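Okay, structure first, notes after.
Throughout, read-outs are computed from the coordinates displayed, never taken from laboratory work. A quick note: this is a predicted structure, and the numbers were derived from the prediction, not measured. For neighbour counting, all protein chains shown are included, and Cβ atoms are generated from backbone atoms with ideal geometry for every residue, glycine included.
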Amino acid sequence: MAKPVTAFTCTACGASHRKWAGRCETCGEWNSITEEAPLSQGPGRSLGAAKGRRIALGALSSAEAPPARAQSGMAEFDRVLGGGLVGGSAILVGGDPGIGKSTLLLQAASAFARKGLRAVYISGEEASAQIRLRAQRLGLDDAPVQLGAETALRDILTTLDAERPDLAVIDSIQTLWSDQIEAAPGSVGQVRASAHELVTFAKRSGVAVIIVGHVTKDGQIAGPRVVEHMVDTVLYFEGERGHQFRILRSVKNRFGPAAEIGVFEMTGGGLAEVANPSALFLSERGEPVPGSAVFAGIEGTRPVLTEIQALVAPSTLASPRRTVVGLDSGRVSTILAVLEARCAIPFAGLDVFLNVAGGMRVAEPAADLAIAAALLSAREDKALPADCVSFGEISLSGALRPVAQAENRLKEAQKLGFSHAIMPSAQNLDGAGAMRLDRIGDLTGFVGEIFGAG
Ligand code: TYD
Ligand code: MG
C-alpha cells in the first residue's frame, strides 16, 4: 500500500510543499505554511487500473435551452451576475470585513424571495435575532427568506438537501467547519473542503449557492486561491471605508462577461442602487482646478466617467513620495518615467499624489492619458478645460495607442455634458456625435497641445 503523503500548504497562496518551511518559496510569505491531512488513497492502485463507473458522453450541440436565469430586480446585482442568477451555480462574494457583504446579500436574497424564489440565508457570523433586526432596519422583514444560524457544514448541507431552495447564501466560508477534516474553521484545509462540498452540492442539486468570503489585506480571499477556481463566479465587493460608494465587480464569470460592475451607495437604509455611476463620480466636481482630469472609461459592458486627481508638490524626502489610490502604482511609475524620458518633464524632487474620486478603482490601461493629463496639469498648475475628457494608452515610446469601445466612451461623455475629447490619433472611430476631438499621436504632442510646449 502506498504511503500516504503528508502535504504542506501555504495559506497565503495555496502552493503545496513537500516539507514545512518558515517562508513560502512561491509567494514569499512568512509563517504561512501549514500541514494538511493527506488525501485518502485507494488500496495501492493507480486510478487507471481501478474499475470506475463509465460516464455518459454527449455531443457539443444539444437541443437543451440555455440555463434559466432568475432576476432579483436589483438591476446592478443582476447585471454583475451576467443577467441574473443561474440555477446550480456557485458564486463567491469576497470583500473586506465590514464593507457590506452581509447587507448586500440579505437584500439580494430578499429581492429574489419577493420574486418567488425560495431563498435560504445561513449565517455563521451572526445570530438569527441579529439578522432579523438588520432586516427590520432595512425594511425587509416581510420578505419570505428562511434564516438559519449554523457553522457545521454537515448540518447545513443536510438542511439544504431537504429544503432544496432555489438560492442559498452562506455567510461566511471562514466560519464553516467540516467534520471531514481536522483543522480550525478559517484554515486553508477547512475553507477548501467546505467550498468543495458546497460547490459539489450546488452542481448536484441545482441550488444556486452564494458563498461569502473575507478578503485578506493584500486582496486575496483568505485561504487558498483554489476556492476561486472551484466556483463559477467570483465577485468582489469593494469600496473605500470613508466613502459611501460600493462597487460589486465580477472578476470571473462562467455565465457572463467578467469585469462587469454594479454600483451601490451605502445609506442608513442599506445599499441603494446607483443607476448612473458617471454622474455620481463626477458629482463633487466644481470649478476646474489644476490636477483634475476626467477619464472616459469602460467597466465591463458599461461606460463610466471618473475624475482622476493629482497633486504635485516639492518634496523634502530623498526619495519623493508616490502615493496612489485607486490606480495601479506600477502603471503610474511607468507614465512618470515616460514623461521624464520622452517629454523631458522631470518629477524628481516632487511628491506625487494620485487618486480616483469617489473611491473608485480604475484598472484600464486606457486611463494612461488621463493620468498623464492630471499629473501635468498639477505640475504646471494649470487647469484642463472643464468640458474635456480623455482616454488612450501610453506606450513606453510615448506613443498613444488606441483603446476599445471609443464610441461608447464618447457617447457617455456627451450624455454628461462634455463636448471635447482628447484621444489617440490611431483610434478608429465610427462617428463621434457632436464631440470635438483632439486626436494626438504621442505624449509630446499632447504636452504641446494642452500646455503650450510644456
Ligand atoms: P456588513 O454587511 O455587516 O459587512 P460585512 O458582511 O461585509 O462584514 O456591513 C457592515 C457595515 O455597513 C457597518 O459598518 C454599518 C454599515 N451599514 C450601513 O451603513 N447601513 C445599513 O443599513 C447597514 C445594514 C449597514
Ligand atoms: Mg458579514
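Worth a mention:
- Placing +1 on the Cβ of every Lys and Arg and -1 on the Cβ of every Asp and Glu, with no other charges, gives the chain a dipole of roughly 1220 debye about its Cα centre.
- Taking every lysine pair in the chain that is 8 or more places apart or spans two chains, those with Cα atoms closer than 25 Å amount to 10.
- Under a 5 Å amide H cut-off, with hydrogens placed 1.01 Å from N, E150 pairs with S123, G124 among residues at least 5 apart or on other chains.
- Percentage, to the nearest whole number, of Cα pairs in the stretch 144-260 over 23 Å apart: 32
- Label-point gap, in nm, between D141 and R321 - each point 7 angstrom along Cα→Cβ: 4.8
- With the charge dipole of the chain set up from +1 on Lys and Arg Cβ and -1 on Asp and Glu Cβ about the Cα centre, the Cα lying farthest toward the positive end among the listed residues S123, A296, G139 is that of S123.
- For the chain, the cysteines with no partner cysteine C-beta closer than 4.7 Å are C343, C388.
- Rounded FRET efficiency, nearest 0.05, which uses the C-beta distance separating L396 from K203 and R0 of 56 Å: 0.75
- Size of charge dipole - the stretch 121-255 - debye, nearest 20, with Cβ of Lys, Arg +1 and Asp, Glu -1, no other charges: 440
- Equivalent-ellipsoid semi-axes for the chain (Cα gyration tensor, √(5λ), whole Å, largest first): 45, 27, 22.
- Here each label is just a point 7 Å from Cα along the line to Cβ, and for L57 and S16 those points are 2.8 nm apart.
- Theoretical ellipticity at 222 nm over the chain - DSSP helices of four or more residues, -39500 (n - 2.57) apiece, nearest 500: -7500 deg cm²/dmol
- For the stretch 302-376, the dipole from Cβ point charges (+1 on Lys and Arg, -1 on Asp and Glu) about the Cα centre works out to 80 debye, to the nearest 20.
- The stretch 11-26 - phi-based ³J(HN,Hα) in whole Hz, Karplus 6.51/-1.76/1.60, Gly and Pro as x: 6, 7, 10, x, 5, 9, 10, 7, 9, 6, 8, x, 9, 6, 5, 6
- Rg/Rh, computed from the Cα trace of the stretch 243-354 with Rh as the Kirkwood radius, has the value 1.05.
- Using alpha-carbon coordinates, inclination of helix 188-205 to the longest axis of the chain, degrees: 80
- For A149 and S283, a Förster radius of 60 Å and the Cβ-Cβ distance give a FRET efficiency of 0.90, rounded to the nearest 0.05.
- Extending 7 Å from the Cα toward the beta-carbon at both E340 and C27 defines two label points whose distance is 3.2 nm.
- Summarising the overall dimensions of the stretch 302-454 from its C-alpha atoms, the Rg and Dmax are 14.9, 49 angstrom.
- In sequence order, the stretch 313-323 has phi-based couplings of 9, x, 10, 9, 8, 5, 10, x, 6, 10, 9 Hz under the Karplus curve 6.51 cos²θ - 1.76 cosθ + 1.60, θ = phi - 60°, and Gly or Pro positions carry x.
- Relative to the 2.2 N^0.38 Å rule of thumb, the stretch 290-347 has a C-alpha radius of gyration ratio of 1.34.
- Taking every DSSP beta bridge that has both ends in the chain, the antiparallel portion is near 50%.
- Cβ-defined net charge surrounding E273, 13 Å radius [Lys, Arg +1; Asp, Glu -1]: -1
- Computed lengthening from A404 to T158, 0.36 nm per intervening residue step minus Cα-Cα distance: 83.7 nm
- Remark: the A434-H196 segment gains 80.3 nm on full extension, using 0.36 nm per residue and subtracting the alpha carbon distance.
- If the Kirkwood radius is taken over C-alpha pairs of the stretch 384-449, then at 4 °C and 1.567 mPa s the Stokes-Einstein diffusion coefficient equals 108 µm²/s.
- Taking amide H positions as modeled 1.01 Å from N, with prolines and chain starts lacking one, the residues under 5 Å from T301 and 5 or more places away or on another chain are I261.
- The mean of 1/r over all distinct Cα pairs in the stretch 76-180, once inverted, gives the Kirkwood hydrodynamic radius of 14.3 Å.
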